[in-house]
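Student: Got a structure for you, written out below as structure tokens; questions coming shortly.
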Amino acid sequence: DADTEAKTNGLIAYARYTGTASTGGMLLNGIIYDASHGFVIGGPLYISASSTGVITNTAPSGSGDSVRVVGYAIDSNHIYFCPDNTWVKVS
């Protein structure tokens, strides 16, 4: 959730399946299959400011939000998950 800086500035992983991290696995960097994800192809993906655990094409813009690119939609069914190590806090 980009409303909380502590939830955006550390190590980020993508939960590959439902369940626990030990059984489902976590992706730190790579290609994710997400059928008909609806994101803009080639556009950056950000941590959502309104929903915990969600990525979006819309950069957070509220005062105090943290903006961090976490990947890019590479086609209609795949995301390149590559969290940037930089984040910016909106003032």
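The values are calculated or read from the model by the stated rules, or taken from the named source; none is laboratory data. Given the structure is predicted, the values throughout are model-derived calculations rather than measurements. Reconstructed Cβ throughout: ideal geometry from the backbone, glycine too, with neighbour counts over all protein chains shown. Areas reflect the complete protein model, heavy atoms only, side chains present, ligands, DNA and RNA absent. Shrake-Rupley method; radii C 1.70, N 1.55, O 1.52, S 1.80 Å.
Student: Could you order peptides 34-42, 64-72 by the average number of other Cβ atoms within 10 Å of their residues, highest first?
Tutor: On the way: 34-42: 11.4, 64-72: 19.6.
Top of the packing list down: 64-72, 34-42.
Student: Rounded to the nearest 500, what is the chain's calculated 222 nm mean residue ellipticity when only DSSP H runs of at least 4 contribute -39500 (n - 2.57) each, over all residues? All intermediate terms of the calculation are to be shown ahead of the outcome.
Tutor: On the way: 1 runs with 4 residues, N = 91.
Counting only the DSSP helices, I get -500 deg cm²/dmol.
Student: Here is a follow-up. Quick one: Karplus J couplings for region 42-47, per residue in order, coefficients 6.51, -1.76, 1.60, θ = phi - 60°, nearest Hz, x for Gly and Pro?
Tutor: Along region 42-47, the couplings run x, x, x, 10, 10, 6 Hz.
Student: Whose amide H sits under 5 Å from the amide H of HIS78, counting only residues 5 or more places off or on another chain, with H placed in the peptide plane?
Tutor: Distant-sequence amide H within range of HIS78: ASP34.
Student: Nearest 20 debye, what's the magnitude of the dipole of region 1-77 about its Cα centre given +1 on Lys and Arg Cβ and -1 on Asp and Glu Cβ? Mind showing how you got there, number by number?
Tutor: Details: 3 positive and 6 negative charges, 33 e Å.
I would put it at about 160 debye.
Student: Tell me whether region 46-91 comes out rounded, prolate or oblate; compute the Cα gyration tensor, take square roots of the eigenvalues as a ≥ b ≥ c, and use a/c under 1.5 as the rounded threshold.
Tutor: Values: a/c = 2.63, a/b = 1.76, b/c = 1.49.
Prolate is the answer for region 46-91, as a/c is 1.5 or above and a/b outweighs b/c.
Student: Enumerate the amide H contacts of GLY64 below 5 Å, restricted to partners 5 or more residues apart or on another chain; note that Pro and chain-start residues carry no placed amide H.
Tutor: Those qualifying (amide H under 5 Å, at least 5 residues apart or on another chain) are VAL90, SER91.
Student: Here's a follow-up. If you roll a 1.4 Å probe over the heavy atoms of the protein chains, what accessible area per residue do you get for region 11-89, in Å²? Don't jump to the answer; show the numbers that get you there.
Tutor: On the way: 4610 Å² over 79 residues.
Heavy-atom accessible area per residue stands at 58 Å².
Student: Quick query: amide H of VAL69 versus all other amide H atoms, modeled in the peptide plane; which residues come in under 5 Å with a sequence gap of 5 or more or a different chain?
Tutor: Here the answer is ASP84, since their amide H atoms fall under 5 Å of that of VAL69.
Student: While we're here: Which whole-Hz couplings ³J(HN,Hα) result when phi for each residue of region 79-91 is put into the Karplus expression 6.51 cos²θ - 1.76 cosθ + 1.60, θ = phi - 60°, listed in order with x for Gly and Pro?
Tutor: In residue order, the calculated couplings are 10, 8, 8, 8, x, 6, 7, 10, 9, 10, 9, 6, 9 Hz.
Student: Along region 62-73, what does the Karplus equation 6.51 cos²θ - 1.76 cosθ + 1.60 (θ = phi - 60°) give for ³J(HN,Hα), rounded to whole Hz, x for Gly and Pro?
Tutor: Once rounded to whole Hz, the list reads x, 4, x, 5, 9, 9, 8, 6, 10, x, 9, 7.
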